[in-house]
Amino acid sequence: MLDNRQAGPTALRMQIGARLRRLREERGIGRMQAGAAIRGSASKMSRLELGRHGFKARDVRDLLDLYGVNDADERAGLLELVRQSKEPGWWQAYGDVVPSWFEQYLGLEQSATAIRGYEVQYIPGLLQTRDYARAVIGLEYHDAQHDGLDRRLTLRMTRQEILFRPVAPATMWAIIDEAALRRPIGGPETMRGQIEHLIAVAEGMNNVNVQVLPFAAGGHLALGGPISIVRFAAHDLDDVIYLEQLTGARYPYGPEATRYQEVMDLLSIRACRPSRTAAFLKDLLTEF
């Protein structure tokens, strides 16, 4: 089960969907039949079971009736999760500066127990310094109002708090391409501060591992863009693969998701060992 004190609405929807899918499969009921019971379709059931659509209490009650779930406590518990999943997460207050396609990922990230990621263009957002983040946001939103830039910066810095939670902080395993470390975002002073921060993280945070994928590793399958894999405490929730693009995002699942898991495993093997990260970064620091 997820700790609902930390879980956001996205992860709660995923938990509800996973439980309903398990109940449906145990009864041998197809998605088309289940969809008809809630005045919908098989595709609607698929979206619900993946947590990509909000739940109505009426629909959940109808599905529980169809699945023969009569235990009052079980029904009440699931309906309570439905209620909680409608409560906005803190990040939704930044809806004016967050694209709708990114809001779902924020919900997943804030509920994560572990995040694995590969970055080729920038330092991962959860590990950026304020100055570096300001420079990146300025590039991405160069035509935005000043207060919009500040709100995006505040949002990015607040996201990082999942790594410092007093209870069960998230763990992070970041693989950073050497290209991202050498790209002079914000100028030499900003880059020095960013690399010093990564050194401090690599040497001082037990819940964060940083690996550098050097140019010497040659070509690899992830050159096309960043990859994030989000894991949750609930054992019945699958890892979520997140692929961010310029104006949207993809969430591959099934065999395609398995392939991305394999690619991340290969990257972690080809990258420098975490124990070598600080030394690599200290050598790089002399170049800025």
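Does at least one position in segment 36-51 carry a residue that is at pLDDT below 90, assigned to a loop (DSSP other than H, G, I, E, B) and assigned by TED's automatic domain parsing to the domain that holds Leu243?
Scanning segment 36-51 turns up no residue that is at pLDDT below 90, assigned to a loop (DSSP other than H, G, I, E, B) and assigned by TED's automatic domain parsing to the domain that holds Leu243.
Go through (1) of a type outside the set (Phe, Trp, Tyr); (2) surrounded by fewer than 18 Cβ atoms within 10 Å (Cβ to Cβ); (3) on the phi < 0 side of the Ramachandran plot; (4) part of a loop (DSSP other than H, G, I, E, B) one by one and return the number of the condition Ala112 breaks.
Going through the list (1) of a type outside the set (Phe, Trp, Tyr); (2) surrounded by fewer than 18 Cβ atoms within 10 Å (Cβ to Cβ); (3) on the phi < 0 side of the Ramachandran plot; (4) part of a loop (DSSP other than H, G, I, E, B), Ala112 breaks only (2).
Anything in segment 211-234 that is assigned to a strand (DSSP E or B) and closer than 30 Å to Gln15 by Cβ? List them, or say none.
Ile227, Ser228, Ile229, Val230, Arg231
Given the options Met172, Met191, name the one that is in contact with a helix residue (DSSP H, G or I) (Cβ under 9 Å, 6 or more places away or on another chain), closer than 19 Å to Ser275 by Cα, modelled with pLDDT of 90 or more and not small (Gly, Ala, Ser).
On inspection, the qualifying residue turns out to be Met172.
Sort out which residues of segment 181-194 are crowded, with 18+ Cβ neighbours inside 10 Å and closer than 25 Å to Val263 by Cβ, and write them in order of number.
Within segment 181-194, just Leu181 meets the criteria.
Which of the residues spanning segment 222-235 are farther than 30 Å from Glu196 by Cβ and surrounded by 13 or more Cβ atoms within 10 Å (Cβ to Cβ)?
Within segment 222-235, Phe232, Ala233, Ala234 qualify.
Answer yes or no as to whether Ile175 is free of Cβ contacts under 8 Å to residues at least 40 places away in the same chain, in the same structural domain as Val136 (by TED's automatic domain parsing) and surrounded by 20 or more Cβ atoms within 10 Å (Cβ to Cβ).
no
Can you name the residue in segment 74-93 that is surrounded by fewer than 17 Cβ atoms within 10 Å (Cβ to Cβ) and closer than 24 Å to Leu246 by Cα and is also farthest from the chain's Cα centre (by Cα) among such residues?
The residue in question is Ala93.
The values are calculated or read from the model by the stated rules, or taken from the named source; none is laboratory data. If you're wondering where the values come from, they're calculated on a predicted model, not measured in any experiment. Methodologically, a virtual Cβ is constructed for each residue, glycine included, from the backbone with ideal geometry; neighbour enumeration extends over all protein chains shown.
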